[in-house]
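Read-outs: derived from the displayed coordinates by stated rules, not from any lab. Owing to the predicted nature of the structure, the values given are computational and were not obtained by experimental measurement. Reconstructed Cβ throughout: ideal geometry from the backbone, glycine too, with neighbour counts over all protein chains shown.
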Amino acid sequence: MRLQDDSRGQIYTIEGIVASFILLSVLLFILQSNSIIVPQTERAIDMKLYEKASDTLVVLDRNDNDSWSTIQPLKTYVAGWNGAPGEAMMTCLDNNISEKKMLPDQVEYNLIFVYNNSTALNSSTVIYHGIPTDNSVVATRLVTLNDNDISTGSSFWKTINATRHQPETIEVKLICWYL
Amino acid sequence: MASKALMDDSGQINLDFLFGVAVFLLTFIYAVTFIPGLFTPYQPGAIDLSSVAYRTSAILVEDPGWYSQGSVNGTDWEDNIGLLSRIGLADDKEHPNVLSQSKIDCLNEILANSSNYTIVRDHMGLHGSIEYDVSVSIKMNGTGTELVNTSSWPMRSTTNVESIERSVLVDKGKEMCLDMGNDQVNRGSLFNVNLTNITYSSITGNLTIRIFNTSGTINNVLWSSNGANYISTWIYGTDYFYYVNGVYYPSSTFSINSNDIVELVIAPSAFYSDVNGLVLNKYIEISGTGSMFQDSSTGVSFNYFHDKKYPLKSICYPATMRLEVWSDALAG
């Protein structure tokens with residue numbers, strides 16, 4: 001009969017099954033395989049810069065009583081700061097960060113102290129190297145000056161502390177960005 | 001014939017089929033695009049090398065490591081290499097980013113045998129379900145001296161490498177720090193250090209006295225068993241020697257400038273034991289010129305190991321640790 005002989009519209013069974021197996025196995029292979037990637041996203045690059053900035057503050061903020069180093073402890077700089085940006089004391093800190101290569105060459109930074117001067121919270125730029133770009137990172141470290149540190153420190157802290165007689169807590173903010 | 005070829009409709013896509021596929025594809029693309037998370041469970045897992053690099057750097061820089069065998073355990077794995085369970089280079093938990101020179105030296109020693117690389121890698125936590133490779137470099141800032149024997153580590157074999165840099169301090173060991181510029185009273189040409197009540201057996205390494213913030217000439221280093229009669233039997237170069245700004249000085253006398261740092265190193269072989277097992281050379285006198293030293297009056301001496309005014313301090317220099325991580329396990 002003509003109807004039985006008509007081969008149009010039929011699946012070629014073997015080819016169809018083989019093709020679907022190939023497709024399925026490729027899909028399965030892709031889904032099962034792991035790949036190792038090195039993300040070059042902004043996030044990964046910022047993470048590295050943040051780690052460097054944070055390390056810099058950690059390394060600077062060490063205890064002078066049990067270690068000696070070519071770099072002065074952060075507390076000494078903070079206690080010696082006289083309240084004005086860009087003074088000699090901070091040039092030393094500047095040198096510690098840049099000349100001792102704490103931060104990579106192509107990185108620029110600002111340093112800010114945030115402290116309470118009995119009336120309000122003050123934010124003072126101590127080292128200024130320019131306006132941070134959009135992708136800058138901020139590392140912070142808290143430094144506490146007790147009576148002993150203040151008495152051997154600058155007149156600036158003595159004036160602030162004269163009426164309060166309590167430890168001064170200063171937030172040191174290091175802002176870094178790629179040039 | 002040309003007309004036969006034009007009329008032949010075998011091998012042509014059916015218009016109905018084309019339309020059907022187009023509708024299906026449009027719907028499919030719409031579904032994939034506008035329903036977020038639909039295919040998330042079926043996405044291939046990507047292993048992020050930067051988190052592996054960060055994790056390894058954190059273990060090395062912020063952790064002192066661990067050795068363990070049952071109830072015997074501790075962080076000084078460099079003295080118990082056989083029981084090593086985790087490699088960390090920090091001095092202790094309280095001082096992250098301060099690396100111990102003795103741990104770095106020990107790491108170099110282990111890696112001197114190239115077959116030990118896999119042991120080191122495994123103890124950094126880099127051999128779990130995936131096998132990574134690693135190389136570490138620690139360079140002193142300024143001088144650029146490399147502390148790690150980089151040839152012991154494998155060369156990276158792929159371009160898929162992640163690196164991370166950490167700023168650290170390298171702890172070179174404890175020294176008695178004499179800052180001679182602090183005190184302008186009681187100045188003179190002598191400075192006395194004592195080792196009273198120190199057992200002879202406890203002196204196992206060099207004793208180092210670091211002198212800075214002064215100027216003049218150091219002439220001699222003498223010792224005494226009673227604090228009164230000082231004798232000069234110590235030979236320069238074997239019993240004691242100087243490092244000036246980190247460099248060995250070939251002569252026993254030299255002049256210091258105010259910005260020089262002098263390290264007086266006394267070798268353990270210079271000390272003798274008395275009948276009670278204590279150090280016989282109880283008093284050490286450093287003699288210089290003019291008013292080089294503060295606290296310079298005869299009879300006043302400062303204990304090397306536990307003086308309050310001149311305590312032993314860890315000598316730290318800034319350095320940069322660089323770590324590279326890659327993996328061949330899933331490459332290609």
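Between helix B:15-34 and chain B, what is the angle of the helix's C-alpha long axis to the longest principal axis, kept within 0 to 90° and rounded to the nearest 10? On a 0 to 90 degree scale, this one is about 30. For chain A, a simple Cβ point-charge model (Lys and Arg +1, Asp and Glu -1, everything else neutral) yields a dipole of about 140 debye relative to the Cα centre.
When 1/r is averaged over all different Cα pairs and the result inverted, which Kirkwood radius in Å belongs to region A:97-140? Write down the numbers at each step before the final one.
Working: mean 1/r = 0.0813 Å⁻¹.
Kirkwood radius, region A:97-140: 12.3 Å.
Within 10 Å of the Cβ of each residue in A:100-113, the mean number of Cβ atoms contributed by other protein chains is 2.
Taken over chain B, the alpha-carbon convex hull comes to 269 cubic angstrom per residue.
Between B:Asp183 and B:Arg55, the simple spin-label model (points 7 angstrom out along Cα→Cβ) gives 5.3 nm. Considering all C-alpha pairs of region B:224-282, those separated by over 12 Å amount to 72%. Think of region A:40-178 as a dipole: +1 on every Lys or Arg Cβ, -1 on every Asp or Glu Cβ, centred on the Cα centre; then among A:Ile131, A:Ile175, A:Ser67, A:Ser67 lies furthest on the positive end.
In whole angstrom, how long is each semi-axis of the equivalent ellipsoid of region B:63-205, when you take the square root of 5 times every eigenvalue of its Cα gyration tensor and sort them from largest down?
On the way: eigenvalues 274, 89, 35 Å².
In descending order, the three semi-axes are 37, 21, 13 Å.
Quick one: Debye curve from the C-alpha atoms of region B:194-253, no solvent, what's log10 I(q)/I(0) at q = 0.30 Å⁻¹? Per q value, in the given order, log10 I(q)/I(0) is -1.41.
Hey, could you get me the Stokes-Einstein D for region B:22-119, Kirkwood radius over alpha-carbon pairs, 20 °C and 1.002 mPa s, rounded to whole µm² s⁻¹? Walk me through the intermediate numbers first.
Numbers: Rh = 17.1 Å.
Here the translational diffusion coefficient equals 126 µm²/s.
For region B:298-306, the Karplus equation 6.51 cos²θ - 1.76 cosθ + 1.60, evaluated at θ = phi - 60°, returns couplings of 4, x, 9, 9, 10, 5, 4, 7, 9 Hz by residue, with Gly and Pro reported as x. Protection proxy ranking, highest mean first, for peptides B:262-273, B:315-326: B:315-326, B:262-273, where packing is the per-residue count of other beta-carbon atoms within 10 Å, averaged.
Under 10 °C and 1.306 mPa s, how fast does region A:40-178 diffuse according to Stokes-Einstein, given a Kirkwood radius computed over C-alpha pairs? Answer in µm²/s, whole number.
Numbers: Rh = 15.7 Å.
Rounded to a whole number, D works out at 101 µm²/s.
On a per residue basis, the convex hull of the C-alpha atoms belonging to the protein assembly as shown measures out at 284 Å³. Working ranking of peptides A:135-146, B:63-74 by packing, defined as the average number of other Cβ atoms within 10 Å per residue, highest first, is A:135-146, B:63-74. Helix content alone sets the calculated 222 nm mean residue ellipticity of chain B: runs of n ≥ 4 DSSP H residues at -39500 (n - 2.57) each, divided across all residues, give -5500 deg cm²/dmol.
Taken as Cα centroids, region B:116-145 and region B:271-332 sit 29 Å apart, rounded to the nearest whole angstrom.
Before rounding to the nearest 500, sum -39500 (n - 2.57) across all DSSP H runs of length at least 4 in chain A and divide by the residue total; then give [θ] at 222 nm in deg cm²/dmol.
Numbers: 7 runs with 73 residues, N = 179.
Theoretical 222 nm ellipticity from helices: -12000 deg cm²/dmol.
Among A:122-134, B:216-228, what's the highest-first ranking by average C-beta atoms within 10 angstrom per residue? The partial results should precede the final answer.
Numbers: A:122-134: 13.4, B:216-228: 16.5.
Result, highest mean Cβ count within 10 Å first: B:216-228, A:122-134.
Per-residue mean of foreign Cβ neighbours for B:160-171 is 5 (Cβ atoms of other chains, 10 Å radius).
For region B:39-184, give the share of DSSP beta bridges that are antiparallel, in percent and rounded to the nearest 5; count only bridges with both residues there.
Working: 8 of 11 bridges.
Antiparallel bridges make up about 75 percent of those DSSP assigns within region B:39-184.
Put a plus charge on the Cβ of each Lys and Arg, a minus charge on the Cβ of each Asp and Glu, and nothing anywhere else: the dipole of the protein assembly as shown about its Cα centre is then about 560 debye. Restricting the calculation to Cα atoms, every distinct pair contributes to the Kirkwood radius of region A:33-88, found to be 14.6 Å. Distances between placed amide hydrogens fall under 5 Å for B:Leu280 paired with B:Tyr272, B:Ser273, B:Asp274, all partners being 5 or more residues away or on another chain.
Dipole magnitude for region B:157-257: about 200 debye, using +1 per Lys or Arg Cβ and -1 per Asp or Glu Cβ, origin at the Cα centre. Remark on B:Tyr230: its backbone amide H falls under 5 Å from none of the residues 5 or more positions apart or on other chains, H modelled at 1.01 Å from N. Across region B:205-210, rounded Karplus estimates of 3J(HN,Hα) from the backbone phi angles (6.51 cos²θ - 1.76 cosθ + 1.60, θ = phi - 60°) give x, 4, 9, 10, 10, 9 Hz, Gly and Pro being marked x.
Between the amide H of B:Ile218 and those of B:Phe254, B:Ile256, distances stay under 5 Å, these residues lying 5 or more places away or on another chain, with hydrogens modeled in the peptide plane.
Restricting attention to chain B, close to 85% of DSSP beta bridges with both partner residues there are antiparallel. Along region B:265-276 the Karplus relation, 6.51 cos²θ - 1.76 cosθ + 1.60 evaluated at θ = phi - 60°, assigns HN-Hα couplings of 10, 10, 6, x, 5, 7, 9, 10, 9, 8, 5, 8 Hz to successive residues, with x for each Gly and Pro.
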